[in-house]
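S.K.: Please find one structure pasted underneath; my questions will follow.
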Amino acid sequence: MADKSRRAFMGKILAGTAGVGAVASLYAMKKTWDPLPSVMSAGFTTVDLSPLEVGKLSIIKWRGKPIFLLKHGSDIERNEARDIVTQDGSYTVVIGLCTHLGCIPEWKKDETKFKCACHGGEYDIYARETFGPPPRPMDIPPFSVKGSSIVLGEEGPEYKKMLTLAKS
Amino acid sequence: MKELKIFAVVSAFALTLYWGVEPYAHSILHPHVAPADFEFKDLEPIKADGDVAQGKNLVTTNCTACHGLKVEGINNPLDNASANMSYGVIPPDLSTAGKLYNETFLANFIKDPANAAKVSHKFQNGRSHPMPGYGWMSDSDIASIVAYLKSIAPAEMTNKEVFVDACGRCHNMKYDKNFATSDVSEYMGSTPPDLSMMIRSRGEHYLKTFINNPQKHLHGTAMPRVGLNEESQEQVITYLEEVGDSKKAEREALAPYVLGFLAFMTLISFLWKKEVWDEVK
Amino acid sequence: MAKFEKANSVGEWLDQRLNLTMLNKVMMTEYWIPKNINFLWAMGMVLMTTFMILLVSGIFLLMYYKPDVNMAFDSVNFTIMQDVAYGWLFRHIHGVGASLIFLIIYIHMFTGIYYGSYKRGREMIWLSGMLLFVLFSAEAFSGYMLPWGQMSYWAAYVITNIFGGIPFIGDELVVWIRGNFYVADATLTRFFMLHVLLVPLAILGGIAVHFYSLRIPHVNNQDGEELDYEEEANRYLAGNKKRSKVIPFWPVFMAKDIFVLSAFLFFFFYLVFYNYQFAMDPVNFDPANGLKTPAHIYPEWYFLWSYEVLRGFFFDIGGMKATDIGLAAFGFAQIIFVLLPWLDRSPTVAPANRRPYFKYWFWSMLVVLIILSVYGKLPPTGTNAWIGFYASVVFILMFLALPFITTKEAKATEKANAEKGAK
């Protein structure tokens, strides 16, 4: 009967309209769950590397994580894939968390290596894994170079280049 | 038809209640006051002509002992903390005074600060306003000072700059990470409130008359009449809105979409209802 | 245990285990509602929907709200209103929703009073409904405290102070309720607990009872007619839909509900975007200050009639102190609506306009409540105080008179029916 099908048709349109409303509401709810703009903007930290002493480890916080800052002396070989270079020299800048299970390794200046107390993992001056359970080098955070400083959180061209080098 | 009548009765009662409890009650709780007077008619306008060069002399000689004049390279003689301690309030830099404040007000303020700012009631029994009055100066001298201040004033100021200059010595604006440069609680007798949400707790309408003359709404208040001209006051209120109701534009942009959708939904649901009920009626 | 055989579809599989076909019949397609109804019958669904909207918007506010006297105001007015994406929308929805739900509650309640839907087997519906009114009032009161504005603080202070009027234990009770000598962090956190967990759970339970209590006596209709539901249901199921006096909850009753709901939501969101000051009072955008009482304190509009009865008695009468009389009157006002099924001595279930005496009582009561509400908002000085006093007295007297009015009406109706029967 025409009535039944018109009724069914209107019913389907109504259900569809309600569905659109539901999807829009879910979108708004999803956005409310997003990290706050104030949190996202705080995820960028500018670090001035010029005051660092050669061979002395500095630790700062970025996005709640420890960041190792280590200035290389002129005797240390350049490593294109791992060094962060500013106008003042080369540095190791990595997230100071062991890639095995997340403990914070210690910098042993006399042995020129990072040693992780949890399960004996070791890293060289470039923070590459050399001994023990760590599966990969300590992670380099996104950065961009601005004179003597770097901005952590920003993906600068130098960072992007290192990513492609790391893949190959 | 019958349902329309029922709807009319329900609406009539609801709207009467709304009227009584909102617009009517509010007109009683907040009685009407005279509109803002940006000509400051209660003050004598200065009739003399001013000379800018003479004004510059007078300001450098008489005012820079306490006031900075950044645009001429003269900084505030005391740092904020010392100034606060000595005067109770920090003397403002005069570079922008010519842009922010009304001429008549400025002239009268220089002559008698407490009177122009309507805070004479706070300076009684030997207590005097930290700024001395220059009522002994001739009218042409006062006019020259005002003319000079206007000549060095910037052409444009952002809303925030106006606020910080005119209000920021006493009032915090926490939500914009702005804090009062001085602590005037002792000088005033009470602490000036943070203004972050003032646009929503008072509303534009109230603020327009309030800022222009605080005594109108809060008789006996320690807040001075600041003497802003109409343009600068509007900038202050716009800034208050930017900080206290920053989502206004987003809210007004979203409204038509939501209401449009619901109007459409009402139509469609009515059509389906009609289809369903035609079978039973 | 039932015997389970292989199902031929997902629907059949679920049906074998949950008996969904029976559930669907009982709750939806064979739940019979009278056909002789108007849009006011949709208010129940409107309330249910608004409550769900409050729940969901509340959930998102809960993600960012901080129940601490130092952080509450900023968590609402900065974080939620200005930092969180659509935070302002959820807050406006929640505030407007809380106010609007009381408008619908009052319309729903007075629809019940008008049509006599509180008697002849429907007393439990009325009682569970009044319980829900009390629970929603507690929910609104506790919720209003949370933004910790000037009105939040002072409303909490004044209302918790009321309990000091209770003889002997009053003063200790006030300290116990507040968790401190004054309205402090302890007060905020416990009312947060009430608002977010305990009262919503109680409301959900109340709704379940309210919905269940409808089933045996059945929903009322515009004429108060007693229907033979079996006969009418069979007529409908036999195919005679137009002559049957009943309709199934789904799809017929719900079709009308959804239409009324959509129109309501349009009104709701118009208020959310353009006219929300009545629900979000400007005074509450001033941070709470225990050392400064605002020039005008008043509760939200839906509490005003009650508030006016409380302060309507401003002079001592015959040895009793004004505050005590006010407190007693306030207590009376809270309970008296609950007793309506027993105050109305007439057994007639009919719309008020067809009851010779009750109709005057009904419309006058509405007018008195509006007067009490408006004067509850105005400063209680001079003439306002006297109008408030007389309105409160009239309110009390009207309820005390109701048993007498309705007894007389019952006798008059009986007489009229007997004469009609004799003709």
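The values are calculated or read from the model by the stated rules, or taken from the named source; none is laboratory data. Computed from a predicted model, the values in this text were never measured in an experiment. Cβ sites come from the backbone with ideal geometry, for glycine too, and all protein chains shown count toward neighbours.
S.K.: Name the residues in the stretch B:67-84 that are surrounded by 13 or more Cβ atoms within 10 Å (Cβ to Cβ), free of Cβ contacts under 8 Å to residues at least 60 places away in the same chain and part of a helix (DSSP H, G or I), would you?
M.R.: Matches in the stretch B:67-84: B:LYS70 only.
S.K.: A further question follows. What number of residues within the stretch A:68-82 satisfy the criterion of being crowded, with 18+ Cβ neighbours inside 10 Å and in contact with a helix residue (DSSP H, G or I) (Cβ under 9 Å, 6 or more places away or on another chain)? First the steps, then the outcome.
M.R.: Within the stretch A:68-82, the first condition is being crowded, with 18+ Cβ neighbours inside 10 Å, and the residues that meet it are A:68-72, A:76, A:82.
Filter once more, so that each one left must be in contact with a helix residue (DSSP H, G or I) (Cβ under 9 Å, 6 or more places away or on another chain): A:82.
Final tally of qualifying residues: 1.
S.K.: Can you tell me how many residues in the stretch C:276-305 are more than 28 Å from the chain's Cα centre (by Cα) and not aliphatic (A, V, I, L, M)?
M.R.: Counting residues in the stretch C:276-305 that are more than 28 Å from the chain's Cα centre (by Cα) and not aliphatic (A, V, I, L, M) gives 7.
S.K.: Consider C:LEU265 carefully, then state whether it is closer than 30 Å to C:ALA155 by Cα and away from chain B (no Cβ under 14 Å). Steps first, answer last, please.
M.R.: Numbers: closer than 30 Å to C:ALA155 by Cα: yes; away from chain B (no Cβ under 14 Å): no.
For C:LEU265, the condition - closer than 30 Å to C:ALA155 by Cα and away from chain B (no Cβ under 14 Å) - is not met.
S.K.: Then there is this: The conditions are (1) in a helix (DSSP H, G or I); (2) surrounded by fewer than 19 Cβ atoms within 10 Å (Cβ to Cβ); (3) of a type in the set (Ser, Thr, Tyr), and C:SER373 fails exactly one of them. Which is it?
M.R.: C:SER373 satisfies every listed condition except (2).
S.K.: Let me ask another. Could you tell me whether C:ARG345 is at negative phi, of a type in the set (Lys, Arg) and in contact with a Leu (Cβ under 9 Å, 6 or more places away or on another chain)? Working first, answer last.
M.R.: Working: at negative phi: yes; of a type in the set (Lys, Arg): yes; in contact with a Leu (Cβ under 9 Å, 6 or more places away or on another chain): yes.
So C:ARG345 passes the test.
S.K.: Kindly indicate the residue of the stretch B:193-211 that is among the polar types (S, T, N, Q) and crowded, with 20+ Cβ neighbours inside 10 Å and also farthest from the other protein chains (Cβ to nearest Cβ) among those meeting that condition.
M.R.: As a first pass, look at the stretch B:193-211 and keep what is among the polar types (S, T, N, Q): B:196, B:201, B:209.
Within this subset, residues satisfying the condition of being crowded, with 20+ Cβ neighbours inside 10 Å are B:196, B:201.
Details: B:SER196: 7, B:SER201: 4 Å.
Per the stated criteria, the residue is B:SER196.
S.K.: Please pick out the residue among C:ILE405, C:ILE387 that is of a type in the set (A, V, I, L, M), assigned to a helix (DSSP H, G or I) and within 30 Å of C:PHE163 (Cβ to Cβ).
M.R.: Details: C:ILE405 fails: within 30 Å of C:PHE163 (Cβ to Cβ).
So the residue among C:ILE405, C:ILE387 that is of a type in the set (A, V, I, L, M), assigned to a helix (DSSP H, G or I) and within 30 Å of C:PHE163 (Cβ to Cβ) is C:ILE387.
S.K.: Of all residues being loosely packed, with under 12 Cβ neighbours inside 10 Å and away from chain C (no Cβ under 11 Å) in the stretch A:14-41, which is farthest from A:ILE95 (Cα to Cα)? Just the residue, please.
M.R.: A:GLY16
S.K.: Kindly establish whether B:THR16 is within 14 Å of chain C (Cβ to nearest Cβ) and more than 25 Å from B:GLY168 (Cα to Cα). Steps first, answer last, please.
M.R.: Numbers: within 14 Å of chain C (Cβ to nearest Cβ): yes; more than 25 Å from B:GLY168 (Cα to Cα): yes.
Yes; evaluated as a whole, the condition is true for this residue.
S.K.: For the stretch B:49-60, indicate whether the set of residues that are surrounded by 15 or more Cβ atoms within 10 Å (Cβ to Cβ), away from every other protein chain (no Cβ under 14 Å) and not in a helix (DSSP H, G or I) is non-empty.
M.R.: Looking through the stretch B:49-60, at least one residue is surrounded by 15 or more Cβ atoms within 10 Å (Cβ to Cβ), away from every other protein chain (no Cβ under 14 Å) and not in a helix (DSSP H, G or I).
S.K.: Residues in the stretch C:56-80 that are hydrophobic (A, V, I, L, M, F, W, C) and either in contact (Cβ under 8 Å) with a residue 24 or more places away in the chain or closer than 18 Å to C:GLN150 by Cα (or both): how many?
M.R.: The initial filter retains those residues of the stretch C:56-80 that are hydrophobic (A, V, I, L, M, F, W, C), namely C:56, C:59-63, C:69, C:71-73, C:76, C:78, C:80.
Filter once more, keeping what is either in contact (Cβ under 8 Å) with a residue 24 or more places away in the chain or closer than 18 Å to C:GLN150 by Cα (or both): C:60-62, C:69, C:71-73, C:76, C:78.
Here the count works out to 9.
S.K.: Checking C:PHE168 against (1) hydrophobic (A, V, I, L, M, F, W, C); (2) outside any helix (DSSP H, G or I); (3) within 21 Å of the chain's Cα centre (by Cα), which test does it fail?
M.R.: Condition (3) is where C:PHE168 drops out.
S.K.: Looking at the stretch C:329-364, which of its residues are of a type outside the set (Phe, Trp, Tyr), within 30 Å of C:TYR298 (Cβ to Cβ), out of contact with any Ser or Thr (no Cβ under 9 Å at 6 or more places or on another chain) and surrounded by fewer than 18 Cβ atoms within 10 Å (Cβ to Cβ)?
M.R.: The answer is C:GLY331, C:ILE335, C:ILE336, C:VAL338, C:LEU339, C:SER364.
S.K.: Here are the criteria: (1) surrounded by fewer than 20 Cβ atoms within 10 Å (Cβ to Cβ); (2) outside any loop (DSSP other than H, G, I, E, B); (3) touching a strand residue (DSSP E or B) at 6+ places or on another chain (Cβ under 9 Å). Tell me which single one C:ILE37 does not satisfy.
M.R.: (2)
S.K.: So, in the stretch B:237-266, how many residues would count as being at the interface with chain C (Cβ under 9 Å from one of its Cβ atoms) and small (Gly, Ala, Ser)?
M.R.: Here the count works out to 4.
S.K.: Could you name every one of the strands (runs of 3 or more DSSP E) located completely within the stretch A:84-168 that has at least 3 residues being in the same structural domain as A:ILE67 (by TED's automatic domain parsing), farther than 20 Å from A:LYS61 by Cα and hydroxyl-bearing (Ser, Thr, Tyr)?
M.R.: Once the strands (runs of 3 or more DSSP E) in the stretch A:84-168 are filtered for at least 3 residues that are in the same structural domain as A:ILE67 (by TED's automatic domain parsing), farther than 20 Å from A:LYS61 by Cα and hydroxyl-bearing (Ser, Thr, Tyr), nothing remains.
Residues are listed down the side, and each one gets a yes or a no for (1) within 18 Å of A:ASP139 (Cβ to Cβ); (2) not assigned by TED's automatic domain parsing to the domain that holds A:GLY147:
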position	(1), (2)
A:PHE9	no, yes
A:MET29	no, yes
A:VAL54	no, no
A:LEU57	yes, no
A:ASP75	no, no
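S.K.: Now for a separate question. Looking at (1) surrounded by 15 or more Cβ atoms within 10 Å (Cβ to Cβ); (2) in the same structural domain as C:PHE249 (by TED's automatic domain parsing), which is the one condition that is false for C:ASP68?
M.R.: (1)
S.K.: Next question, about the same structure. When the residues of the stretch C:237-255 are narrowed to those that are more than 17 Å from A:ALA8 (Cα to Cα) and facing another protein chain (nearest Cβ under 8 Å), which ends up nearest to the chain's Cα centre (by Cα)?
M.R.: Among those that are more than 17 Å from A:ALA8 (Cα to Cα) and facing another protein chain (nearest Cβ under 8 Å), it is C:ILE247.
S.K.: On to the next question. When you scan the stretch C:313-323, do you find a residue that is buried (at least 17 other Cβ atoms within 10 Å of the Cβ) and on the phi < 0 side of the Ramachandran plot, even just one? Give the steps one after another, and end with the answer.
M.R.: Of the residues in the stretch C:313-323, the ones buried (at least 17 other Cβ atoms within 10 Å of the Cβ) are C:313.
Now narrow it down to the ones that are on the phi < 0 side of the Ramachandran plot: C:313.
Yes: the stretch C:313-323 contains one or more residues that are buried (at least 17 other Cβ atoms within 10 Å of the Cβ) and on the phi < 0 side of the Ramachandran plot.
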